[in-house]
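Single-structure report; data block below.
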Amino acid sequence: MMDEATIRRLNHINREFYRIAADEFDQTRGQAWPGWYRLLPHLHSPLTVLDVGCGNGRLGVFLAGQVEIAHYHGMDSSPALLDHARRALAHLPSVQLEERDIVENPPDSGHYDLVALFGVLHHIPGAQSRQALMRALAQRVRPGGVLAFACWRFYEFERFRQRIVPWPADLAVEPHDYLLDWRRGQTVLRYCHYVDDAEHAALVAAAGLEEIESYRADGFSGTVNRYSILK
């Protein structure tokens, strides 16, 4: 089990990454993920949304083009990315953007038709923390609603493995934990965890909801992310 000091240190690495690289990150994260379209048959209008780790708000922009959004609640630890989200989502009738570090303070109130966790789990340090987050998010799903999450399967692709750099000797990380460099703009590192099939199944089990669909999508190969939709 990962100790609290290591969790805080890994989380700090990623907080610094997004502080430094937010603008460059936003510039490369403007398009909807193809895998999001398979979520649409499970949604209804009007829709209330909790977008956990919302970044620049692109999921909200995508959803608003597909269904009526009654309320969008996005949370992220990066003030700079939230500023981008605020501009991108200004046209929605009801938007709440919350600066919140979900590693230290997981969502603990409200109920939503859709709870989304995309591009986030690989940044949550510690297997126990990832399962605890899934349990917490399942509690935020309204009856009849869905919890949708995706895991970035970066380690399966050589182009991403080439970005791995050695860990500092004083960091005791868990299996499948990696430090990756960022190759756009300034040189900066980020902590990323690779979720394999066994851990993915454990995350589904931790949520305690019924998995109604699972699939691979996105990226250059069309398989970079693995999704699960839970109800």
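The values are calculated or read from the model by the stated rules, or taken from the named source; none is laboratory data. It should be emphasised that the depicted structure is a prediction, and the values quoted were computed from it without experimental measurement. Glycine gets a Cβ as well: all are built from the backbone with ideal geometry, and neighbour counts include every protein chain shown.
Data table
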| item | result |
| --- | --- |
| Residue match in the stretch 182-200 (condition: farther than 23 Å from Gly57 by Cβ and among the basic types (Lys, Arg)) | yes |
| Enumeration of residues in the stretch 76-86 that are crowded, with 20+ Cβ neighbours inside 10 Å and of a type in the set (A, V, I, L, M) | Leu81, Leu82, Ala85 |
| Every residue from the stretch 84-133 that is over 20 Å from Leu47 (Cβ atoms) and among the polar types (S, T, N, Q) | Asn105, Gln128, Ser129, Gln131 |
| Residue list for the stretch 168-203, restricted to those being at pLDDT 95 or above, out of contact with any Cys (no Cβ under 7 Å at 6 or more places or on another chain) and assigned to a loop (DSSP other than H, G, I, E, B) | Val173, Glu174, Pro175, His176, Tyr194, Asp196 |
| Those strands (runs of 3 or more DSSP E) lying entirely in the stretch 28-143 with at least 2 residues closer than 24 Å to Asp218 by Cβ and in contact (Cβ under 8 Å) with a residue 60 or more places away in the chain | 47-52, 112-117 |
| Residue identified as more than 23 Å from Asn56 (Cα to Cα), in contact with a helix residue (DSSP H, G or I) (Cβ under 7 Å, 6 or more places away or on another chain) and not hydroxyl-bearing (Ser, Thr, Tyr) among Gln131, Gln162 | Gln131 |
| Flag for Asp101 being more than 11 Å from Cys54 (Cα to Cα) and within 15 Å of the chain's Cα centre (by Cα) | yes |
| Residue under evaluation Glu98, criteria (1) crowded, with 17+ Cβ neighbours inside 10 Å; (2) modelled with pLDDT of 95 or more; (3) not aliphatic (A, V, I, L, M), criterion not met | (1) |
| Yes/no for Tyr178 being over 15 Å from the mean Cα position of the chain (by Cα), within 24 Å of Glu16 (Cβ to Cβ) and either surrounded by 14 or more Cβ atoms within 10 Å (Cβ to Cβ) or among the basic types (Lys, Arg) (or both) | yes |
| Hey, Ala206 farther than 26 Å from Arg163 by Cβ and assigned to a helix (DSSP H, G or I) or not | yes |
| For Ile212: the one exception among (1) assigned to a loop (DSSP other than H, G, I, E, B); (2) surrounded by fewer than 19 Cβ atoms within 10 Å (Cβ to Cβ); (3) touching a strand residue (DSSP E or B) at 6+ places or on another chain (Cβ under 6 Å) | (1) |
